[in-house]
Amino acid sequence: MIAALYVPGSRPGRFAKAAATGATVILDLEDAVAPQDKAQARAHVAAWSAGAGAAASVPLQVRVNAPGTADLAADLEALAPEIELRVPKVESPEDLVEFGGRQVHVLVETALGVERLFEIASTPGVRSIGLGEADLAAELGLEGEDAFGWIRARTVIAARAAGLPAPMMAAYPAIADRDGLAESCARGRRLGMRGRTAIHPTQLPVIRSAFAPRADELAWAHQVLDTIGEGGVGVLLDGSMVDGAMVRRARAILDG
């Protein structure tokens with residue numbers, strides 16, 4: 001999963017259009033929906049996810065409301081158990097108890113959550129972890145892309161240590177700033193992150209381009225496998241030595 005697109009649950013006219021982009025669709029019942037609109041949005045999301053959404057050829061998630069809230073209880077009652085949930089503001093494994101074994105994609109948005117990243121990532125039912133960077137910036141007083149580097153790297157380590165896929169990056173808020181989005185994606189990719197959520201369809205091509213394997217990476221990966229196959233030690237055409245660790249990296253590149 002390289003790209004995922006958030007869609008407000010209160011905008012049902014956009015659901016099918018989001019699915020047509022080919023990105024993972026995240027129907028949002030949390031921050032994108034005003035309190036007075038949550039009940040109606042919940043009904044829209046439940047109906048679409050059980051009908052057209054279930055028949056769509058793209059993965060579907062629903063971002064529910066935060067653990068411990070009345071809105072979350074209503075979300076869980078309305079949504080079919082097989083729907084994968086995106087859970088905001090998780091601070092500990094205990095926050096996930098009420099999900100009863102459902103498949104969840106966790107967002108950590110506080111300093112306490114960052115301190116417990118590995119514990120959260122290791123909780124049964126957790127499919128992935130990611131950051132809610134706007135809330136973290138507000139709590140920690142972070143400014144600019146550089147300030148997030150150490151937290152992003154820590155999230156990558158926690159995810160991989162728990163046997164989860166590399167985390168996706170948080171959404172980039174400046175929709176019209178394509179160059180800034182591309183540079184931000186490049187920073188995250190260098191830290192080991194994989195893919196990104198978007199808040200507008202026009203961001204998807206930039207995200208896909210940033211995280212797709214480059215031609216030089218593909219050539220390197222093929223050369224590694226041609227040189228040493230499944231293991232051992234060898235020397236590439238440029239004189240660099242490769243071993244079994246490079247085989248794992250090569251296969252990860254080719255697997256996309």
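The values are calculated or read from the model by the stated rules, or taken from the named source; none is laboratory data. Because the structure is predicted, anything quoted here is derived from the model rather than measured. Cβ sites come from the backbone with ideal geometry, for glycine too, and all protein chains shown count toward neighbours.
Out of curiosity, is L112 aliphatic (A, V, I, L, M), surrounded by fewer than 22 Cβ atoms within 10 Å (Cβ to Cβ), touching a helix residue (DSSP H, G or I) at 6+ places or on another chain (Cβ under 9 Å) and in contact (Cβ under 8 Å) with a residue 12 or more places away in the chain? Give the steps one after another, and end with the answer.
Details: aliphatic (A, V, I, L, M): yes; surrounded by fewer than 22 Cβ atoms within 10 Å (Cβ to Cβ): yes; touching a helix residue (DSSP H, G or I) at 6+ places or on another chain (Cβ under 9 Å): no; in contact (Cβ under 8 Å) with a residue 12 or more places away in the chain: yes.
No, not satisfied.
Evaluate the following for P35: is it more than 21 Å from the chain's Cα centre (by Cα) and assigned by TED's automatic domain parsing to the domain that holds L164?
Details: more than 21 Å from the chain's Cα centre (by Cα): yes; assigned by TED's automatic domain parsing to the domain that holds L164: yes.
It is true that P35 is more than 21 Å from the chain's Cα centre (by Cα) and assigned by TED's automatic domain parsing to the domain that holds L164.
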Next on the checklist: Just to be sure I understand, how many residues within the range 1-51 are small (G, A, S) and over 15 Å from L79 (Cβ atoms)?
Outcome noted: 12
Checklist outcome for this item: Of the candidates I120, I129, the one satisfying the condition of being at pLDDT 95 or above, more than 21 Å from V25 (Cα to Cα) and among the aliphatic types (A, V, I, L, M) is I120
Item to check | helices (runs of 4 or more DSSP H) enclosed by the range 134-234 - at least 2 residues per element that are modelled with pLDDT under 95 and more than 17 Å from the chain's Cα centre (by Cα) | outcome: 215-228
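For the range 38-57, give me each residue that is crowded, with 16+ Cβ neighbours inside 10 Å and modelled with pLDDT of 95 or more. Working first, answer last.
Of all residues in the range 38-57, those crowded, with 16+ Cβ neighbours inside 10 Å come to 38, 41-42, 44-46, 48-49, 53, 56.
Of everything in the range 38-57, those that are crowded, with 16+ Cβ neighbours inside 10 Å and modelled with pLDDT of 95 or more turn out to be K38, A41, R42, H44, V45, A46, W48.
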